[in-house]
1. Using amide H atoms built 1.01 Å from N in the peptide plane, name the residues 5+ places from residue B:19, or on other chains, whose amide H lies under 5 Å from its own.
2. Just to check, using Stokes-Einstein with a Kirkwood Rh over alpha carbon pairs, what's the diffusion coefficient of segment A:37-115 at 10 °C and 1.306 mPa s in µm²/s?
3. Do the alpha carbons of any pairs in A:57/B:69; A:13/B:78; A:13/B:49; A:13/B:58 sit beyond 32 Å of each other, and which pairs?
4. How big is the Kirkwood radius of segment B:28-113, worked out from every pair of different alpha carbons and given in Å to one decimal?
5. Please name which of A:62, A:87, A:4 has its Cα lying farthest along the dipole of chain A towards the positive end, using unit charges on Cβ (Lys, Arg +1; Asp, Glu -1) and the Cα centre as origin.
6. Set the Förster distance to 25 Å, then compute FRET efficiency between residue B:14 and residue B:66 from the Cβ-Cβ distance, nearest 0.05.
7. Sequence gap at least 6, Cα distance under 8 Å: using those rules, report the relative contact order of segment A:13-86 to the nearest whole percent.
8. Mean-square fluctuation check for chain A, GNM, Cα pairs under 10 Å: which of A:40, A:66, A:84 is largest?
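Bear in mind that the values in this text are calculations on the coordinates, not laboratory data. None of these values were measured; they are calculated from a predicted model. Backbone-built Cβ (ideal geometry, glycine too); neighbour counts: all protein chains shown.
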Amino acid sequence: KAGVTQTPRYLIKTRGQQVTLSCSPISGHRSVSWYQQTPGQGLQFLFEYFSETQRNKGNFPGRFSGRQFSNSRSEMNVSTLELGDSALYLCASSLKTSGVIGEQFFGPGTRLTVL
Amino acid sequence: AQSVTQLGSHVSVSEGALVLLRCNYSSSVPPYLFWYVQYPNQGLQLLLKYTTGATLVKGINGFEAEFKKSETSFHLTKPSAHMSDAAEYFCAVSEAGFQKLVFGTGTRLLVSP
């Protein structure tokens, strides 16, 4: 099976712009989670989607949003970019089953640089 | 709220030496515990996980970890380090049924010849 893919791998934006990142989960996986990784804050949970519904959300401002499509692919959007949004954004997919946490498989990440 | 503490941002060992990476967790409910490894410019790869049952968990690449509830610990060990083990290691905790992982700050393992 192909792994989790994220596009683009690298992105450079300027302050005030918006950006959309894409994640394609492993075939058959219906849960997609997003994490932000920075040197200062480490790995932080952004949100999780399952069957097109946001199931869980981390402590991030409303500028961070996401969605999931019927084919389980997910996008996250960051509006009005700030310098502090520079980070590696990781997507993880899981074959989530009821009541049991599924192993999360991570993609290689999208490295976003905000100038 | 759940949290994870990883003692030591950097650990240095010689090739062939024992690897010990420390992880302590805080959770108000029975935790699910994980160790992930991250190589440069890559995502995270699961090494091993504890959910229920046997407290000694064996993972990939010769790593294992022991869940000790009384010490709220989940330390990662490997009997003999290899150069290819040099990477950053993250301990994480989650509540049963939730996909949200709470990560520690990571430990960079350096392996010298």
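1. Answer set, sorted by chain and number: B:78, B:80, B:81.
2. Numbers: Rh = 13.7 Å.
Stokes-Einstein gives a translational diffusion coefficient of 116 µm²/s.
3. Details: A:57/B:69 28 Å; A:13/B:78 42 Å; A:13/B:49 37 Å; A:13/B:58 43 Å.
Pairs exceeding the cut-off: A:13/B:78; A:13/B:49; A:13/B:58.
4. Values: mean 1/r = 0.0737 Å⁻¹.
Answer for segment B:28-113: a Kirkwood hydrodynamic radius of 13.6 Å.
5. Projecting each Cα onto the dipole axis, the largest value belongs to A:4.
6. Values: r = 23 Å, r/R0 = 0.93.
The formula returns an efficiency of 0.60 here.
7. Details: 137 pairs, mean separation 28.1, N = 74.
This gives 38 percent for segment A:13-86.
8. Highest fluctuation among the options: A:40.
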